[in-house]
1. When only residues in the stretch 73-90 that are touching a strand residue (DSSP E or B) at 6+ places or on another chain (Cβ under 7 Å) and farther than 17 Å from residue 155 by Cα count, which is surrounded by the fewest Cβ atoms within 10 Å (Cβ to Cβ)?
2. For the stretch 126-141, which residues satisfy the criterion of being without any contact (Cβ under 8 Å) to a residue 40 or more places away in the chain and away from the ligand (no atom under 16 Å from the Cβ)?
3. Please count how many residues of the stretch 174-198 are surrounded by fewer than 20 Cβ atoms within 10 Å (Cβ to Cβ), assigned to a helix (DSSP H, G or I) and within 8 Å of the ligand (Cβ to nearest atom).
4. For the stretch 49-61, which residues satisfy the criterion of being within 18 Å of the chain's Cα centre (by Cα) and buried (at least 24 other Cβ atoms within 10 Å of the Cβ)?
5. I want to confirm something. Restricting to the stretch 199-210 and keeping residues that are in contact with a helix residue (DSSP H, G or I) (Cβ under 6 Å, 6 or more places away or on another chain) and in contact (Cβ under 8 Å) with a residue 60 or more places away in the chain, which single residue is surrounded by the fewest Cβ atoms within 10 Å (Cβ to Cβ)?
6. Scan the stretch 144-162 and tell me whether some residue there is at negative phi, in contact (Cβ under 8 Å) with a residue 24 or more places away in the chain, within 14 Å of the ligand (Cβ to nearest atom) and in a helix (DSSP H, G or I).
7. If you go through the stretch 211-253, how many residues are in a helix (DSSP H, G or I), more than 12 Å from the ligand (Cβ to nearest atom) and surrounded by fewer than 13 Cβ atoms within 10 Å (Cβ to Cβ)?
8. Counting just the residues of the stretch 124-143 that are in a strand (DSSP E or B) and within 20 Å of the chain's Cα centre (by Cα), which one comes out surrounded by the most Cβ atoms within 10 Å (Cβ to Cβ)?
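Each reported figure results from applying straightforward, stated rules to the coordinates on display, with no laboratory input. Please read these numbers as outputs of a predicted model, since none were measured by experiment. So basically every Cβ, Gly included, is an ideal-geometry build from the backbone, and we count neighbours across all protein chains shown.
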Ligand SMILES: NC(=O)c1ccc[n+]([C@@H]2O[C@H](COP(=O)([O-])OP(=O)(O)OC[C@H]3O[C@@H](n4cnc5c(N)ncnc54)[C@H](OP(=O)(O)O)[C@@H]3O)[C@@H](O)[C@H]2O)c1
């Protein structure tokens, strides 16, 4: 069973898992990886002005032979140059007549203020250069500010989202839900890739073992359970198959989701801190034992010399 589409607040559909061409792939020729992702079953490709991967993404799309309607392409305005010119340059690089989704990559990219930048985005949608428009890395306050003057609500907000930052993103998620703004999650594999050894590992491993699947699949199943679009990436076909296979694994139970939320709220550094304290304690103990042994030896040698 493939990943289902979500419906955006502008009525358009978005595939709920995307292959990203940023992060580790930034500045590289991604054509081979995008082709691999399309062949494996991804239909949603995420790129950005900043990633410098639009040209090679476009090449891969052309070489796939897929019809434009079968591929969902998202790109982002990252703050380089004027917005109307930037979207046309992105389209040129991708070799496309329209994007499915165009995002303000981060609040700082809207240099002339949110209101002015969003008006440019609304024009992009009206002109048909992008079917949907949205934002990325906007916090609650920034999203509220943007919506105050928007004629068209952003369709999505793409954010950093994983169990260790879930607690702080909860109100943003609630606000987005009220406005039918879809949340897209990037870097959701952080507990594996960047913060291994934290409290989330145990619960994720247990849920994975129970189903005979990979911990990465449990993390993505958790994102899915939160009603959030997954934006991930991989250079390896095996990992891509694992990501797509998340749609077929037994859904997480309410208890498992709550256990991951709770472990995420404890933050990885709490376990690192306890490991550091334990290590320090062992060092001190070793040092004291060492001193004791030295003392004993010196004492023995001292008594021997005094004996002499
Ligand atoms: N809007 C923004 O500001 C923003 C910021 C960052 C990212 N993004 C988007 O989100 C996409 C994904 O970001 P991300 O790379 O941080 O996502 P991620 O899904 O957290 O991590 C993907 C990485 O995990 C590795 N991986 C997969 N399975 C693994 C395993 N079992 N053990 C160890 N490593 C494993 C993959 O490496 P392998 O190649 O080895 O499989 C890949 O490099 C980007 O490409 C970009 O499109 C957006």
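1. Within the stretch 73-90, the first condition is being touching a strand residue (DSSP E or B) at 6+ places or on another chain (Cβ under 7 Å), and the residues that meet it are 73-77, 83, 86-87, 90.
Filter once more, keeping what is farther than 17 Å from residue 155 by Cα: 83, 86-87, 90.
On the way: 83: 24, 86: 21, 87: 24, 90: 26.
Among them, the one singled out is 86.
2. Of everything in the stretch 126-141, those that are without any contact (Cβ under 8 Å) to a residue 40 or more places away in the chain and away from the ligand (no atom under 16 Å from the Cβ) turn out to be 126, 127, 128, 140, 141.
3. The qualifying residues number 2.
4. 53
5. 199
6. No, the stretch 144-162 contains no residue that is at negative phi, in contact (Cβ under 8 Å) with a residue 24 or more places away in the chain, within 14 Å of the ligand (Cβ to nearest atom) and in a helix (DSSP H, G or I).
7. So the answer is 1.
8. 133
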